[in-house]
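The structure appears below as structure tokens.
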Amino acid sequence: MTDTEPLSSRRILIMAADGFEQSELEVPLERLQDAGADIDIASIEMGDITGWDEDDWGDEIEVDLKISDVKIGDYDALVLPGGQINPDLLRVQADAIALIRDFADAGKPVAAICHAPWLLIEAGLAKGRRLTSYKSIRTDVANAGADVVDEAVVIDGNIITSRCPDDLEAFCDTIVAMLAETDASS
């Protein structure tokens, strides 16, 4: 491991579906790759998924594997981009929710931004935790039993949450720091 690539031995999974917030997938992808991590994109089906960029459809990104084919032992962390459409599509997928729960149960970092805490709720991971989210779903997060705060990034155990694209720098820095501090073999 070098200072310029603190994640050179790490593999990270980004799980997304159509309608992911463009910046909330692309910025972590670039920042984590720049830190040396290998990244895979998992989705409901193979092919391309299309982002949402502010007020219209954005760019497509190629899917590396289906969520149902993910082996949790192959990855050190899970990143969940937001957007309104993406987590709404994923939260009704049993494989997606089971995967989130498995990452959390294994003590691996699970990082959710914007509307992605909906996925934490569906996975039963919100109750009793300190979390943040996009302002329009804070009531949902609170109703799921979380202590909701309005901060750029919140860490509760192995769960990282952020509010919106404005928080991407802090969100990515926190993921890098958490993974750099943990033993790569865990």
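Expected output is a single nm value to one decimal: the length gained when fully extending between VAL92 and LYS135, i.e. 0.36 nm times separation in residues minus the C-alpha distance. What is it? List each step's numbers first, then the result.
Details: separation 43, 0.36 × 43 = 15.48 nm, distance 2.19 nm.
Gain on extension, VAL92 to LYS135, equals 13.3 nm.
Compute the separation of the alpha-carbon centres of segment 87-124 and segment 144-171 and state it in Å as a whole number.
14
Among 131-142, 59-70, what's the highest-first ranking by average C-beta atoms within 10 angstrom per residue?
On the way: 131-142: 19.2, 59-70: 15.3.
Peptide ranking by packing, descending: 131-142, 59-70.
Let me test this: with uniform point scatterers at the alpha carbons of segment 59-159, what is the Debye-based log₁₀ I(q)/I(0) at q = 0.17 1/Å?
-0.73
Enumerate the residues in segment 33-49 having an amide nitrogen under 19 Å from the point lying 7 Å beyond the Cα of ASP102 toward its Cβ.
So the set is 39-46.
From the phi of every residue in segment 50-57, what ³J(HN,Hα) in whole Hz does the Karplus formula 6.51 cos²θ - 1.76 cosθ + 1.60 yield, where θ is phi - 60° and glycine or proline is x?
Calculated HN-Hα couplings, in order: 10, x, 10, 10, 6, 10, 7, 4 Hz.
How high is the FRET efficiency between THR50 and ARG11 when r is their beta carbon distance and R₀ equals 30 Å, given to the nearest 0.05? Could you put the intermediate results ahead of the total?
Details: r = 25 Å, r/R0 = 0.82.
Efficiency, rounded to the nearest 0.05: 0.75.
Whole-Hz ³J(HN,Hα) for each residue in segment 118-129, computed from phi via Karplus 6.51 cos²θ - 1.76 cosθ + 1.60 with θ = phi - 60°, x for glycine and proline: what do you get?
Per-residue couplings from phi come out as 3, 5, 5, 4, 4, 7, x, 9, 8, 4, x, 9 Hz.
So what's the Cα pair-distance distribution over the chain, bin width 5 Å, in %?
Histogram of Cα-Cα distances, whole percents per bin: 1, 9, 19, 23, 23, 16, 7, 1, 0.
Each value in this text was obtained by applying a stated rule to the coordinates, not by laboratory testing. Fair warning: this is a prediction, and the values are worked out from it, not measured in the lab. Note that each Cβ is placed from the backbone with ideal geometry, even for glycine, and that neighbours are counted across all protein chains shown.
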